[in-house]
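The values are calculated or read from the model by the stated rules, or taken from the named source; none is laboratory data. Computed from a prediction, not measured in an experiment: that's the story for all the values here. All Cβ positions, even for glycine, are placed from backbone atoms using ideal geometry, and neighbour counts span all protein chains on display. What goes into the accessible areas is simple: the full protein's heavy atoms, side chains included, and nothing from ligands, DNA or RNA. Shrake-Rupley method; radii C 1.70, N 1.55, O 1.52, S 1.80 Å.
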Amino acid sequence: MPHDHPHPTSRDHSEPRPAFDKLLSQVLAKLDHSGLLTSAEVTAQIEDMEGRTPTEGARLVARCWADPEFLDLARKDLPAAAAKLGVSMPAHPVFLLLENTEELHHVVVCTLCSCYPRPILGPPPVWYKSRNYRSRVVVEPREVLAEFGTVIREKANLRVVDSTADCRYLVLPLRPRGTENLTEKELADLVTRDSMIGVTNVSM
Amino acid sequence: MISSITRHASNAKFADGHSVQVIKDESLGHCRTPLYVRGAVGKVVSYIGSYKNPEDLAYGGSGLPESPLYWVEFNLAELWVNYSGDPTDTLQVEVYEHWLRKLAQES
């Protein structure tokens, strides 16, 4: 039997998939036509999500570092803490803070798709959705972190958190040493998107 | 450290610390239990809450009754042969109750 057709070797969301694009546009056209979901509503939702950036997450992290009461609230109820910064988060899925400590480092992945705390970080980066990251970080997390330039101390525990169902996670990175005199704004400027996914640490 | 959330565990079958095995089963459609933990033995970290069953929701069902969802922790060195990291490295996954079975408690 001839075997001359190509097999898909990757299912990265970043790759073009014309058949799915066509299906999507036809479904959207039907929905729009029926009035169930208008293209204006779809556009508004996309614009809302794309208007959200890791800056919101960075402000939240800086406030957690600077204000113990706020940290306590973020631990108990992350959306309530975000609301204090003017960031709205839906009641579902469940949004949670994963606190990095000297002894424990968290790194987040969604091996099934690309679950991500979008309301507080915006759309996920392309690598987060890549098959490479999703398949490798649960098998060889220390190697993957090393590729981001991140070395976890031998003695520190590493916990990979797979966002498989109803929870979305924001990593609270460890506050770097020597930042005691910085303002909250200066602290927020240090916080990167990748540190809130857990693939890097925050440094001065 | 997982931040605390309100938990009502009245309908939850497994308690924190229970040894559980993820059921090694095929799924014919949408499912939130990753293949790579099926059949693996882990430990319940805690009950998260009860949520609509995604396997029903995905096909237009009501998702009811809600299914208890747990954080289950696996030791990466036990999950993978020749794991290259530290023996204390762990993986935490959200797993619905109907994908878990209880193992005898270790003494």
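Condition check ((1) assigned by TED's automatic domain parsing to the domain that holds A:T192; (2) within 15 Å of the chain's Cα centre (by Cα)) across all residues:
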{"residue": "A:S39", "(1), (2)": "no, no"}
{"residue": "A:T43", "(1), (2)": "no, no"}
{"residue": "A:G57", "(1), (2)": "yes, yes"}
{"residue": "A:E69", "(1), (2)": "yes, no"}
{"residue": "A:A83", "(1), (2)": "yes, no"}
{"residue": "A:A91", "(1), (2)": "yes, no"}
{"residue": "A:V94", "(1), (2)": "yes, yes"}
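Among the residues that make up region A:140-158, is at least one of them open to solvent by less than 10 Å² (accessible area, probe 1.4 Å), under 12 Å from the mean Cα position of the chain (by Cα), closer than 19 Å to B:L35 by Cα and assigned by TED's automatic domain parsing to the domain that holds A:A82?
no
Determine if region B:32-49 includes at least one residue that is among the aromatic types (F, W, Y), closer than 19 Å to B:L79 by Cβ and either surrounded by 16 or more Cβ atoms within 10 Å (Cβ to Cβ) or modelled with pLDDT under 95 (or both).
Scanning region B:32-49 turns up at least one residue that is among the aromatic types (F, W, Y), closer than 19 Å to B:L79 by Cβ and either surrounded by 16 or more Cβ atoms within 10 Å (Cβ to Cβ) or modelled with pLDDT under 95 (or both).
Report whether or not A:E69 is touching a residue at least 40 places away in the same chain (Cβ under 8 Å) and of a type outside the set (K, R).
Details: touching a residue at least 40 places away in the same chain (Cβ under 8 Å): no; of a type outside the set (K, R): yes.
Spelling it out, it is not the case that A:E69 is touching a residue at least 40 places away in the same chain (Cβ under 8 Å) and of a type outside the set (K, R).
When you look at B:E78, is it more than 10 Å from chain A (Cβ to nearest Cβ), open to solvent by 20 Å² or more (accessible area, probe 1.4 Å) and of a type in the set (D, E), yes or no? Steps first, answer last, please.
Details: more than 10 Å from chain A (Cβ to nearest Cβ): yes; open to solvent by 20 Å² or more (accessible area, probe 1.4 Å): yes; of a type in the set (D, E): yes.
Spelling it out, B:E78 is indeed more than 10 Å from chain A (Cβ to nearest Cβ), open to solvent by 20 Å² or more (accessible area, probe 1.4 Å) and of a type in the set (D, E).
What is the one condition in (1) modelled with pLDDT of 95 or more; (2) farther than 24 Å from B:V37 by Cβ; (3) crowded, with 17+ Cβ neighbours inside 10 Å; (4) away from every other protein chain (no Cβ under 14 Å) that A:P119 does not satisfy?
Among (1) modelled with pLDDT of 95 or more; (2) farther than 24 Å from B:V37 by Cβ; (3) crowded, with 17+ Cβ neighbours inside 10 Å; (4) away from every other protein chain (no Cβ under 14 Å), the lone unmet condition for A:P119 is (1).
Hey, could you check region B:20-40 for residues that are part of a loop (DSSP other than H, G, I, E, B) and facing chain A (nearest Cβ under 9 Å) and say which is farthest from B:G63 (Cα to Cα)?
B:P34
For residues that are touching a helix residue (DSSP H, G or I) at 6+ places or on another chain (Cβ under 7 Å) and under 30 Å from A:S25 (Cα atoms), scanning just region A:42-80, find the one that is modelled with the highest pLDDT.
Step one: of region A:42-80, the residues touching a helix residue (DSSP H, G or I) at 6+ places or on another chain (Cβ under 7 Å) are A:42, A:49, A:52, A:54, A:56-66, A:70-71, A:73-74, A:80.
With under 30 Å from A:S25 (Cα atoms) added as a condition, the list becomes A:42, A:49, A:52, A:54.
On the way: A:V42: 91, A:M49: 86, A:R52: 92, A:P54: 97.
Once the filter is applied, the top-ranked residue is A:P54.
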